[in-house]
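Please read the structure below before turning to the comments.
The values are calculated or read from the model by the stated rules, or taken from the named source; none is laboratory data. What you are looking at is a predicted structure, and each value in this text was computed from that prediction instead of being measured. With ideal geometry, Cβ positions are generated from the backbone for all residues, glycine too; neighbour counts draw on all protein chains shown. Heavy atoms of the whole protein, side chains included, go into the accessibility calculation; ligands, DNA and RNA do not. Shrake-Rupley method; radii C 1.70, N 1.55, O 1.52, S 1.80 Å.
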Amino acid sequence: MVRLTRRVLGAATLAAPFVLPGAARAQAGGGTLRIALGANLLTLDPAKMTTGEEYIYDNLVFNGLTRMREDLVVEPELCEKWTFSEDLKTWTFTLRRGVRFHNGREMTARDVLATYERILDPATAAAPRTNYTMIEKMEAPDPYTVIFRLSYAYGGFADILSDRQVKIIPHDGIDQLATAPVGTGPFVMRSYTPGDRMILARNPDYFEAGMPRFDTVELRIIPEMSVRLAALQAGDMEVVWDIPPEQVKPLGGNAALRIESVPTGSWDAAIMNNAIAPFNDARVRRAFHIGVDKRDVVELVLFGEGAPTHSPIPPNHPFFVTDIPVNRADPAAARRLLREAGHPNGVRVPLIIPVGRPVRERLGITLQQLARPAGFEIEIQRVPFGRYNAEVSGKAPFYIDGYFARPTLDTGTHPFLHSEGSWNQRLWHYKNAEVDRALEAARLTGDPAKQKVEYQAMQRALAADPAGFIAYSVNFACAYRASVRNVKTHPMRWFDLRGGSVGA
């Protein structure tokens, strides 16, 4: 067996059943942290979460078997350690003893099994289910040991257990998740009023000594960004989550604030449906790439707060291929390729953009302008983002969408680019034998050097035969009052508030 403990690689008041005692509040001394968000949480059930606002709550109230730090190192959280077999198909996790749910009951292997059984049950409709279907069998030989037996070798298994929706829940509290969620996390949910705020209180029985320090965390729902930023500058908020790229540099000149913008694996794209003309012809997809300079897109859409990329692998990742050029726009070459594809007069196509997602709206409008000299006449159509799943995803020939970073390269690429990937079947319906081969080989080895070879082969194949137009990887930025201490901006878009405090 191999031992590994660290690995590098989003109306009615619902009351929780636990109220923080006054004595515990006084002992903490970390103050109250008020975080301004832009939208309501649509669910309190970790397995069903899909939005960044939900992921913030999720990582404060619950824990996973492993966790990912801001530097993308994966380390034990509810487990003390893990081991894996030489063939990477048997993974054994030793659980921490004495970890208690917010209702006082000790967390055991039974809760871990119940959590993953529920995620794997299609009836749950868990958002991340397809990332865990390699789990063939689970065992709990004792209350503090869980064994996962996989159907194939998977070197990143401990990494994906740090993801957002696989937090451990009590086996006897599943029915209460929607109204009175109970986790093991550093904070306890005291109340949630949609349209107003969620109040989280310090967990005095948290298993990590001296943590958390904040007495209370308030997640305030303020739809308008201008109002959120005004509240921050007035001192009525301590944090604004996910500030727009055009605000990063202007806010950076305010001495009362701290602005952090960090590279991430989150990305936006023009989704080209490979099953529908004209994008069923790879020459049309390549012509679009030749006709648009991604560096111009980054400047015009993100104000420089991002970087061009060939795939969901961001440029700051060690597996990123640096010698694939970012093309200067060559409209003449793009038009020649369109003529070869049977479009001598260019291509006229509608592009759907999501109302309410300003960066993605700006991406669509920017591409409309930049691609015109290359022979693409794009008609903008606006659809509310809430209607995308029903009306747009996987159905429209051409639309703008984007996706948060995943905890591993496999979960960030295989579902999106493999011909049988769950997200690929909802997006571009892309099929490329070399991309499939490389992605399959990468997930069957635990050797980073071998993984790098395969992921780079995937990027080269994708550059030659693009699935669509993956425009850039997006920086993620947050704004803080200068008094907020020991809180960092996480590339995965959530917060680790265990050691934070608010000073004078």
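How would segment 156-199 be classified by its alpha-carbon gyration tensor: rounded, prolate or oblate, with rounded meaning a/c under 1.5 and the a/b versus b/c comparison settling the rest?
Judged from the Cα gyration tensor, segment 156-199 comes out prolate (a/c at least 1.5, a/b above b/c).
Set the bar at 23 Å for Cα to Cα. Now go through 48/167; 450/488; 249/294; 48/450 and name every pair that lies beyond it.
Over 23 Å apart, Cα to Cα: 450/488; 48/450.
Once you have a ≥ b ≥ c as the square roots of the Cα gyration tensor eigenvalues for segment 200-289, tell me rounded if a/c is under 1.5, and otherwise prolate or oblate according to whether a/b is larger than b/c.
Verdict is prolate for segment 200-289.
Please compute, for the alpha-carbon atoms of the chain, the extent along each of the three principal axes and give them in descending order in Å.
So the extents along the principal axes, rounded to whole Å, are 75, 56, 37.
Using +1 on the beta carbon of Lys and Arg, -1 on that of Asp and Glu, and nothing else charged, what's the dipole of segment 269-335 about the Cα centre, debye to 20?
Rounded to the nearest 20 debye, it is 240 debye.
For segment 323-383, run through the trypsin sites (Lys or Arg not before Pro) and keep only the ones in DSSP coil with at most 11 other Cβ atoms within 10 Å of their Cβ.
328
Sort 318-325, 190-197, 425-432 by the packing proxy (mean of other Cβ within 10 Å over each peptide's residues), most packed first.
For the peptides 318-325, 190-197, 425-432, the packing ranking is 425-432, 190-197, 318-325.
Calculated FRET efficiency, residue 83 and residue 124, Cβ-Cβ r, R0 22 Å, to nearest 0.05?
Plugging the Cβ-Cβ distance into 1/(1 + (r/R0)^6) gives 0.15.
Considering only protein heavy atoms, what per residue accessible area in square angstrom results for segment 368-504 with a 1.4 angstrom probe?
For segment 368-504, the solvent-accessible area averages 37 Å² per residue.
State to the nearest 20 debye the size of the charge dipole of the chain about its Cα centre, where the only charges are +1 on K and R beta carbons and -1 on D and E beta carbons.
It comes to approximately 480 debye.
How much length would be gained if the chain were fully extended between residue 196 and residue 152, taking 0.36 nm per residue of separation minus their Cα-Cα distance, in nm to one decimal?
Length difference between fully extended and current span is 11.2 nm.
Within segment 484-504, which residues have the backbone N less than 17 Å from the label spot 7 Å out from residue 71 along Cα→beta-carbon, could you tell me?
Residues passing the 17 Å test: 486-492, 496, 499.
What is the antiparallel percent of DSSP beta bridges lying wholly in the chain, to the nearest 5?
For the chain, the DSSP antiparallel bridge percentage is about 75.
Cα centroids of segment 291-335 and segment 142-182: how far apart, whole angstrom?
37
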